[in-house]
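What follows is a short report on a single structure.
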Amino acid sequence: MTRPLDGITVVSLEHAVAAPFCTRQLADLGARVIKVERPGTGDFARAYDTRVLGQSSHFVWINRSKESLTLDLKQPGAMAVLGELLDQADVLVQNLAPGAAARMGLSYEALQQRNPRLVVCDISGYGDDGPYRDKKAYDLLIQSEAGLLSITGTPEEPSKAGNSAADIAAGMYAFTSILSALMLRQRTGEGSHIDVSMLESLTEWMGYPLYYAFEGAPPPPRTAASHASIYPYGPFQAGDGGTVMLGLQNEREWKAFCDLVLRQPELATDPRFDANARRNENRAELKALILQAFAGLSAQDVIDRLDEAQIANARMNDMAGVWAHPQLQARERWQTVGTPAGPVPALLPPGRSNRFAPRMDPVPAVGEHTEAILRELGRSAADIAALRAASAI
């Protein structure tokens, strides 16, 4: 079985989420990913928590199928090893502190002279130029700078996204940019420099709210779990205390909702509610009517009526509900991968292909592959012992 990135070698100076998320996608497609870590402690994300058999939830999630090489890049011997790897590699990914890679001689300009086919992807908070270039950037800070916090939460209080939205956005744009650079290299024979900014990545995802507030118009209000501009679209409580999410998209669905779900067909032509804009303006009145209709129903009763009317709906799952989700189970989306502390379930990458199965190899221990990689580079046992004695590896 041939995977799309078989034969591609990626070296990654990575930590936290954005770069590791990018390189895990590359590994899923068959690339060999050599993760360079600090001797002893490794990627600091290994210590974020201990929720997965004593290991970090973040780390287990985004570091499977990689090889861990420990190098102290402050030491010449370790930098020599890294240089040998990069001379042979296809891709370098790094999300070190702003300017750190360039100060170590790892800029695209320097590396391109040694390996013209190398694709270099730099991931940072704000990009490699501009007045914010040197600012530290964490996921929550970028969610704030990109405006996500301003439209997320309740009217009284903004909220961050519950996952690492800015890191994930940057990681995915880095992943797709690297794929495009490898395709371009097939035509030109030359590598590329990719500059991915967390701010620009998340701002792209803010397109609808930005255009909604075009030319100084009021931005979308914070409406908790409801949609800011379409109504009814969000959570509604049934009489048994359960919560059902539902969403209407057009007037045909609104009529079906009134007829078959609320069983109040007269509401379909009520002048307060006969277009989405008016339903949105009068959402408090409409919400009261919906909750009154749902008060005598269980959550399952509401879902049954919504399904009959072909109105989109969903349960509000917690994490346990997602682990046990019947659709994921039916499509066999969970597979077991190894970790240093034992096997754990892992979700297969989205995008099921009929041509290949994604790579789902273990999560590495710190430095697990160091000696094997050094031997591959031709280092003798004495060389390796000397590097270890100097704490370079």
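The values are calculated or read from the model by the stated rules, or taken from the named source; none is laboratory data. Given the structure is predicted, the values throughout are model-derived calculations rather than measurements. Ideal geometry is used to build each Cβ from the backbone, glycine not excepted, and the neighbour counts take in all protein chains shown.
Filter region 107-122 down to the residues that are in contact with a strand residue (DSSP E or B) (Cβ under 7 Å, 6 or more places away or on another chain) and touching a residue at least 40 places away in the same chain (Cβ under 8 Å), then identify the one that is surrounded by the fewest Cβ atoms within 10 Å (Cβ to Cβ). Step by step, filter region 107-122, then rank; the result is 108. Between 164, 159, 192, the distinction of being over 17 Å from the mean Cα position of the chain (by Cα), hydroxyl-bearing (Ser, Thr, Tyr) and more than 23 Å from residue 102 (Cα to Cα) belongs to 159 only.
Of all residues in region 260-302, those being within 29 Å of residue 155 (Cα to Cα), touching a residue at least 60 places away in the same chain (Cβ under 8 Å) and part of a helix (DSSP H, G or I) number 2. With respect to (1) out of contact with any helix residue (DSSP H, G or I) (no Cβ under 6 Å at 6 or more places or on another chain); (2) more than 13 Å from residue 202 (Cβ to Cβ), the lone exception for residue 172 is condition (2). Determine whether residue 354 is closer than 30 Å to residue 33 by Cα and out of contact with any His (no Cβ under 6 Å at 6 or more places or on another chain). Yes: the conditions hold for residue 354. Count, please, the residues in region 303-319 that happen to be touching a residue at least 24 places away in the same chain (Cβ under 8 Å) and in contact with a strand residue (DSSP E or B) (Cβ under 9 Å, 6 or more places away or on another chain). Result for region 303-319: 8. Scoring residue 150 on the criteria (1) more than 19 Å from residue 208 (Cα to Cα); (2) in contact with a strand residue (DSSP E or B) (Cβ under 7 Å, 6 or more places away or on another chain); (3) touching a residue at least 60 places away in the same chain (Cβ under 8 Å) leaves a single failure, condition (1). Can you spot a residue in region 217-227 that is aliphatic (A, V, I, L, M), surrounded by 15 or more Cβ atoms within 10 Å (Cβ to Cβ), in contact (Cβ under 8 Å) with a residue 12 or more places away in the chain and under 13 Å from residue 152 (Cβ atoms)? No, every residue in region 217-227 fails to be aliphatic (A, V, I, L, M), surrounded by 15 or more Cβ atoms within 10 Å (Cβ to Cβ), in contact (Cβ under 8 Å) with a residue 12 or more places away in the chain and under 13 Å from residue 152 (Cβ atoms). Just one of the listed residues (78, 47, 16, 31) is without any contact (Cβ under 8 Å) to a residue 60 or more places away in the chain and out of contact with any Gly (no Cβ under 8 Å at 6 or more places or on another chain), and it is 47. For the residues 344, 322, the requirement of being more than 16 Å from residue 238 (Cβ to Cβ), β-branched (Val, Ile, Thr) and out of contact with any strand residue (DSSP E or B) (no Cβ under 8 Å at 6 or more places or on another chain) singles out 322. Between 286, 291, 262, the distinction of being under 20 Å from residue 238 (Cβ atoms) and surrounded by fewer than 17 Cβ atoms within 10 Å (Cβ to Cβ) belongs to 291 only. Screening region 237-259 for residues that are part of a loop (DSSP other than H, G, I, E, B) and among the aliphatic types (A, V, I, L, M) and picking the one that is surrounded by the fewest Cβ atoms within 10 Å (Cβ to Cβ) gives 238. In summary, residue 351 fulfils each of the numbered conditions (1) assigned by TED's automatic domain parsing to the domain that holds residue 81; (2) in contact (Cβ under 8 Å) with a residue 12 or more places away in the chain; (3) surrounded by fewer than 17 Cβ atoms within 10 Å (Cβ to Cβ); (4) over 30 Å from residue 74 (Cα atoms) with the single exception of condition (2).
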